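Report on the structure given below.
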Amino acid sequence: MKDEYRHKGLRRKMLEDLRVIGIVNEEVLDAINRVPRHFFLSSAFEQFAYQNKAFQIGAGQTISKPHTVARQTELLDLQSGQKVLEIGTGSGFQCAVLCAMGYKVYSIERQRLLFDKAGPLLASMGFKPQLFYGDGYKGKAAFAPFDGIIVTCGATEVPEALLNQLAIGGKLVIPVGDGEMQWMYTFERTGEKEFNRQKHGEFAFVPMLAERAKGE
Ligand code: SAH
């Protein structure tokens, strides 16, 4: 797979579109600019890779829209070198953007097919996240606490384990809802048992499902 001049041009145009729809963090935009999104899509979608759209990535799942990736990364609001846990590796695109931000990235995926694909792709791009095949509802206690946790699938409720694995001052970014759309929430841990909850815009995600997938 190559990152050609035309891809770079389309990417610059996409960054302009993201600015127009409200993304203001230039570090986030710069990270997105350094991750060729077309590498994460089947070649059939290549020409559309820089549109603000979600696409099928196999196993009934989708790669998030660039705006969603940008907004969730903005909401995490971390510094280079901090630790972040992602739930839902999927295509690996959001994971790559987190790596490009300079974070220490852990990511969990429950679909074997996607887990198997993401690792080699990210490695070929020089990114080194720690990937796990498992159930994100449980988080990853062995590597907690995390400065940030980002859930990239729609949850019907906020998993207790994820709140418990946040560092004090850390933030969980999670879409919550039981219909086709979810509200984006942030939960900042301000004390052992205190969280500052904030509601952001509406987004559409595939559902967060329990356990590892069995032949889905
Ligand atoms: N961050 C991904 C988004 C993929 S869609 C990207 O940039 O492409 C959301 C992903 O969450 C899907 O791959 C789905 O299989 C996964 N998922 C859903 N429930 C999960 C759970 N409990 N644990 C881990 N992954 C989960």
Going residue by residue through the range 100-108, is there one that turns out to be more than 6 Å from the ligand (Cβ to nearest atom), within 20 Å of L18 (Cβ to Cβ) and open to solvent by less than 10 Å² (accessible area, probe 1.4 Å)?
no
Restricting to the range 109-134, what's the tally of residues that are open to solvent by less than 40 Å² (accessible area, probe 1.4 Å), of a type outside the set (D, E) and near the ligand (Cβ under 10 Å from one of its atoms)?
6
The range 46-67, subset more than 20 Å from C153 (Cβ to Cβ) and outside any loop (DSSP other than H, G, I, E, B), residue least open to solvent (accessible area, probe 1.4 Å)
E46
Matching residues, the range 45-69, being more than 9 Å from the ligand (Cβ to nearest atom), closer than 14 Å to L15 by Cβ and of a type in the set (A, V, I, L, M, F, W, C):
A49
Being open to solvent by 20 Å² or more (accessible area, probe 1.4 Å) and among the small types (G, A, S) is the filter here, so list the residues in the range 1-45 that pass it.
G9, G22, S42, S43, A44
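Residue by residue, here is whether (1) under 17 Å from the mean Cα position of the chain (by Cα); (2) open to solvent by less than 70 Å² (accessible area, probe 1.4 Å); (3) among the aromatic types (F, W, Y); (4) at pLDDT 95 or above holds:
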| site | (1), (2), (3), (4) |
| --- | --- |
| Y137 | yes, yes, yes, yes |
| D147 | yes, yes, no, yes |
| T152 | yes, yes, no, yes |
| K171 | yes, yes, no, yes |
| W183 | yes, no, yes, yes |
| K199 | no, no, no, yes |
| E216 | no, no, no, no |
Please indicate, with yes or no, whether at least one residue in the range 135-153 is assigned to a strand (DSSP E or B), more than 11 Å from the ligand (Cβ to nearest atom) and farther than 15 Å from V69 by Cα.
yes
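The values are calculated or read from the model by the stated rules, or taken from the named source; none is laboratory data. Bear in mind that the values here come from a model prediction, so they are computed numbers and not experimental data. With ideal geometry, Cβ positions are generated from the backbone for all residues, glycine too; neighbour counts draw on all protein chains shown. These accessible areas exclude ligands, DNA and RNA; they are computed on the full protein's heavy atoms, side chains included. Shrake-Rupley method; radii C 1.70, N 1.55, O 1.52, S 1.80 Å.
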